[in-house]
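Read-outs throughout are calculated quantities, based only on the coordinates presented, and are distinct from any laboratory measurement. For clarity, every value in this text was computed on a predicted model and none was experimentally measured. All Cβ positions, glycine included, derive from the backbone under ideal geometry; neighbour counts span all protein chains shown.
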């Protein structure tokens, strides 16, 4: 989180690499293994070149889609970073598009929803509701009960994996700090009451904090904003 707090006041650079036609699968335009290898070779060279040049930059995230893999960096030296990035792209014959954004603008795409609230980022109104997947672990009978309870609250069943004992649900939920916090305060205690554990999807600390052998962290212990929950879950 310290890195992200620093990045909140710095420019975020989005690197879009255009793959070759033969590096995409014909059916769904995803990168082939060969295309992925060339992408990561570029990333490795870029990081090495940045370190050699002493450029104050840090890799943040990557995102897949639209027939390519995008990389996100933050830096205090935009001009220096761009020069190094373009040279690395040329070394691999990559056409490169470089865009500059704020962390708040790209946060809904690359950050866990909980981190957005922890960083107090102002998210654009049209990005504050996001389709989000939630995963839970437990015994099959308990997960079936949990699934039924979540469906009453507007969640949609995605899948159940008997081998891993994981239930996956989805819902469009708010990803601002207050809104997503209220979502977690509803579903985390609900899961625990049925002897299931939340798998930590979209949280900063991940799944271990929700193990049934551990006390539930106070921030998830229960909802305190009844009015907000009624708005989120449509209760009367």
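Here, the stretch 67-169 is characterised by an Rg to Rh ratio of 1.15, where Rg is the alpha-carbon radius of gyration and Rh the Kirkwood radius.
The convex hull of the Cα atoms of the stretch 2-110, projected and averaged over all directions, covers 6.8 nm². Taking only the C-alpha atoms of the chain, the Rg (one decimal) and the largest Cα-Cα distance, Dmax (whole number), read 20.7, 61 Å.
Against the main long axis of the alpha-carbon atoms of the chain, helix 33-53 sits at an angle near 70°.
Relative to the longest principal axis of the Cα atoms of the chain, the long axis of helix 78-91 makes an angle of roughly 70 degrees. Restricting the calculation to Cα atoms, the stretch 128-204 yields a radius of gyration followed by a Dmax of 11.7, 35 Å.
Our helix-only sum for the chain, with -39,500 (n - 2.57) per DSSP H run of n ≥ 4 divided by its residues, gives a mean residue ellipticity at 222 nm of -12000 deg cm²/dmol. Here the relative contact order of the chain, from alpha carbon pairs under 8 Å that lie six or more residues apart, stands at 18 percent.
Okay, which of the stretch 181-202 sit inside 17 Å, backbone N to the point 7 Å along the Cα-Cβ direction of residue 139? Counting only backbone N, you get 191-198. Computed from Cα positions, the angle between helix 177-193 and the longest principal axis of the chain comes to roughly 50 degrees.
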